[in-house]
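Engineer: Quick one: this structure, given as structure tokens, is what I'll be asking you about.
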Amino acid sequence: MPPPPSTPSSATEGNGGSANNAGSTKKASPTLPTLPTLEDILYPPPTSIEEAGALLGASITRLEPSLLSRNMVAIAPPPGMHSSFSTVRPVSNSELYVRMVSLRDLLRERAGLDVTLGEMEKINSSNSRKVTTTDQGEKEGEKMDQPLQSAPSLLAVLMKLMGMTAGIASAAPVFLSTGGSESGSLAASSKKSKSAASAGKGKKTVGGIGISGGGGGGSSSGGGGSSKGVPVRLTPPLLSTAMRTTWVDCVVLCYRLGDGLTGPARVDPLSFLQRMMDVVALNPRSQRAAGGTRLSALQIISALFADDVLATKLAPWAYDVLHLCHKALKSSGNNEPYYRLLAVRAATSVAVGCRTAALLAEEAAAIRDGGPTGKVGTFAIQGAWEDNVIAEAVRLMNRAVDDRFSEVRGEAATFAAAAAPLMIKSDRSGGSGGSRGGGGGGGSGSSGASGPMSPTPSGSADHATGPLSSLDDVMHIALKNIDDESAAVALGWAEALARCICTSIEADETAKAESDSTGNRHSADDGDGAGPGSGHGSASSGASAGDFAAKFKAFSEGKGGGRTTAYTASCTSVVSSIDFLVGRFIKVGGEYSASKCGGAFSSGGRAVRVGIASAIMELLKLQVATNDVGMSGSAATDVLTAVLGMVGPAMEQQLRQPSSGGGHARIGSCGNQRFPDTLEVTSSPVARSSDRPSSSAGGAALLFSQKKMRSTADSGLVRTEASRVLRRGLAEVSSEGGQQALLRDLASLCRPSLGLEENGGSIVLNRYQLQIVLIELSHLITALGEAGTSGIEDALPVLKVALSHHDHGVRYEASIALQAAARAFPQEGRK
């Protein structure tokens with residue numbers, strides 16, 4: 001293509017450059033005009049949605065196999081090269097992609113979802129439309145508020161592409177005649193059509209498609225003579241990920257903008273969803289399912305539920321879509337991982353859409369009733385899913401976690417994280433009067449002291465039917481796969497576990513608030529002089545006796561190794577949840593002693609502790625993001641103390657156990673006790689040969705013995721993970737004020753351990769915990785800089801005293817922290 005002609009302004013600027021450099025005082029030359037892109041030259045962009053739809057329809061029509069010989073021309077390779085090196089102009093599907101992107105941009109602009117604009121630009125543009133007083137501005141504003149009248153015709157054009165992609169996949173190759181040089185292929189489309197039509201005369205065709213007997217070397221014989229041609233098999237457009245994604249966006253935007261049309265022009269997303277579900281359920285070997293048709297249908301379903309406007313209408317179909325995704329996981333085979341990935345991704349979109357619909361419904365109800373419209377169901381959302389939907393979601397997770405492709409397992413973790421707030425069953429155990437546990441009935445059923453989201457007690461026999469039983473199942477799946485052999489999958493399950501814990505915490509807070517209000521009403525009723533053997537007293541005693549029998553039965557049945565403990569009973573607050581995870585962090589053991597968590601692709605070893613630490617980190621991130629963790633006062637101190645328990649006395653005692661080798665232990669500085677080298681501050685992550693079982697000494701006895709070896713990296717691993725939790729879970733995600741408060745809290749936490757104040761009930765930190773606190777102090781001082789003035793006065797006395805600590809690791813970290821303080825505050829370093 002020849003370069004665009006140079007403008008007079010550019011030529012003048014180029015000639016006058018030396019004069020300007022020589023000291024000319026003339027005004028600056030005008031800015032060079034923006035050159036159009038190649039796509040704008042070949043395919044001029046449309047100016048309206050209707051024009052874009054018409055151009056897209058013309059591009060789709062050109063892809064008909066019977067019209068390819070008239071719309072494309074082959075460029076012969078240089079002499080001496082095989083005909084397989086021939087090229088085809090224009091590039092297959094290039095014009096279709098450009099037209100589709102243009103349509104998507106116009107639809108996004110109409111819907112107010114233009115991704116090229118920033119948030120402030122969107123606000124300014126919307127405000128400018130509202131305050132415009134001209135007739136044109138008023139007309140544009142009214143047009144934006146009205147549904148798109150051309151949505152049905154656009155959908156007909158877009159669905160034509162889906163209908164013909166299967167035919168393109170099964171069509172025979174088309175032989176195109178060579179058009180000569182490359183410059184001829186860049187001529188106008190009309191000239192190309194004429195040359196292709198004239199060159200195609202005399203070819204024998206059946207249905208407009210060239211027929212060849214051999215079809216191998218790029219030559220074909222038809223009719224009475226012979227003609228050379230290049231065999232071309234057009235790629236189905238929807239097999240391209242970029243093309244398919246753009247097409248899906250256009251279809252969903254049409255349904256979004258067409259919402260509100262009435263009469264014959266009405267678009268029904270519900271019937272369209274049913275048709276797409278039928279396409280997904282097609283036999284993969286059938287002709288209708290070829291060409292990426294099933295992939296496109298899955299992406300359409302996912303995008304429909306992800307749209308906040310359409311999700312409210314499609315949320316009641318959650319069970320049918322989840323059941324379809326579950327069937328897709330079982331029927332896709334082992335060689336179609338992308339299809340299974342899209343199936344799980346569609347299930348994730350269903351969870352997101354149902355959550356969005358539930359939040360919008362709660363907010364609308366609050367506005368209608370005149371209540372507060374603030375925080376509604378941040379994590380725990382009851383009623384968004386029915387019980388059968390929740391059960392189907394759990395079955396889908398169990399199926400997806402066993403997939404041998406890590407991409408599918410990663411999507412399963414994302415689905416679990418998205419579905420965690422919806423895993424609260426409806427409580428139907430409220431008594432014979434049909435009460436849901438809210439305390440409204442006064443019959444002989446339950447007393448109503450527990451709300452609809454009351455967690456089931458640990459070890460209760462009603463755990464399988466409790467409101468949070470399915471949430472326990474999801475937490476069990478997450479804990480089993482938290483040490484997946486893929487690091488990305490393990491991190492995904494750590495986030496899913498953290499979201500489940502946040503849901504359990506919020507559900508417990510809601511249940512306590514409901515029980516307090518219900519308890520106040522019951523205490524007023526009981527104060528009227530009811531006897532001990534009547535009313536609520538007898539019901540409570542009977543319930544207590546039945547509860548004890550149920551607990552004893554559950555304990556007896558649980559001796560066989562079944563899971564009888566409800567995880568949600570241990571996760572009722574942030575501190576108790578961290579204590580629960582820290583307890584598992586310590587009990588799993590080190591690198592050589594930690595067993596696999598139980599997943600199909602669990603790796604065990606150090607991955608177990610890394611996964612649990614990641615879960616603690618994600619939990620703190622979520623709590624800080626929702627402002628549920630106070631970064632000052634006793635709440636922050638309790639959280640910090642719980643996190644530092646990862647390297648507390650229990651972990652220190654585990655690492656101080658005498659090594660099985662005996663001869664490799666050294667004399668420590670604390671009470672002349674023998675302990676292994678894992679207490680070294682600079683321990684090596686590589687295990688020594690003496691730490692591994694020897695084949696000559698003990699052979700089979702060591703192989704089948706119950707004693708497991710310990711790694712010299714255990715100490716460094718637990719310190720690193722504890723530091724990572726504090727830094728990435730609290731420090732990095734907190735605001736500047738939160739970081740200043742964290743600096744002061746860390747400094748005050750060290751004072752009793754260093755003898756700066758009496759121990760008034762605070763814990764005494766060991767050397768591991770002191771090292772971690774000092775490391776985070778140095779990072780906070782460096783990150784805050786001069787903004788840390790309010791906390792440096794509390795930190796400097798602690799750092800100076802720590803320089804004389806008996807442990808060399810504490811002294812080293814204190815010196816590094818003082819160095820950071822001297823760099824941030826030079827006047828303090830001169831003292």
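The values are calculated or read from the model by the stated rules, or taken from the named source; none is laboratory data. If you're wondering where the values come from, they're calculated on a predicted model, not measured in any experiment. Note that each Cβ is placed from the backbone with ideal geometry, even for glycine, and that neighbours are counted across all protein chains shown. To get the accessible areas, we keep the full protein, side chains included, count just its heavy atoms, and leave off ligands, DNA and RNA. Shrake-Rupley method; radii C 1.70, N 1.55, O 1.52, S 1.80 Å.
Engineer: Can you give me the solvent accessible area of Ser790 with a 1.4 Å probe, rounded to the nearest 10 Å²?
Structural biologist: Surface open to solvent at Ser790 totals about 60 Å².
Engineer: Next question. Considering the Cα positions of the stretch 328-369, please state its Rg to one decimal place and its Dmax as a whole number of Å.
Structural biologist: Spelled out, the Cα radius of gyration and Dmax of the stretch 328-369 are 16.5, 53 Å.
Engineer: Going from most exposed to least, what order do Arg399, Arg727, Arg368, Arg719 have by accessible area with a 1.4 Å probe?
Structural biologist: Arg368, Arg399, Arg727, Arg719
Engineer: Something else now. List the residues, sorted by chain then number, that are 5 or more residues from Val232 or on another chain and whose placed amide H is less than 5 Å from its amide H.
Structural biologist: Val174, Phe175, Leu176
Engineer: Solvent-accessible area of Arg345, probe 1.4 Å, all protein chains present, reported in Å² to the nearest ten, please.
Structural biologist: Solvent-accessible area, nearest 10 Å²: 90 Å².
Engineer: Given a 1.4 Å probe and heavy atoms of the protein chains only, how would you sort Ser94, Ser504, largest accessible area at the top? Kindly include the intermediate steps, with their values, before the conclusion.
Structural biologist: Working: Ser94 35, Ser504 0 Å².
My answer, sorted largest first, is Ser94, Ser504.
Engineer: Then there's this: Exceeding 20 Å between C-alpha atoms, which entries from my cross-link table qualify? They are Lys160/Lys330; Lys480/Lys596; Lys330/Lys480.
Structural biologist: Going by Cα-Cα distance, Lys160/Lys330; Lys330/Lys480 fall outside the 20 Å limit.
Engineer: Let me ask another. Please calculate the 1.4 Å probe accessible area of Leu239, with all protein chains present, and give it to the nearest 10 Å².
Structural biologist: Its accessible surface works out to 90 Å², give or take rounding.
Engineer: Additional query: Using heavy-atom solvent-accessible surface (probe 1.4 Å) with all chains present, what is the largest-first order of Lys160, Lys621, Lys425?
Structural biologist: Correct descending sequence by accessible area is Lys160, Lys621, Lys425.
Engineer: Next up: For Leu113 and Arg275, FRET efficiency with R0 = 35 Å and r from the beta-carbon atoms, rounded to 0.05?
Structural biologist: 0.90
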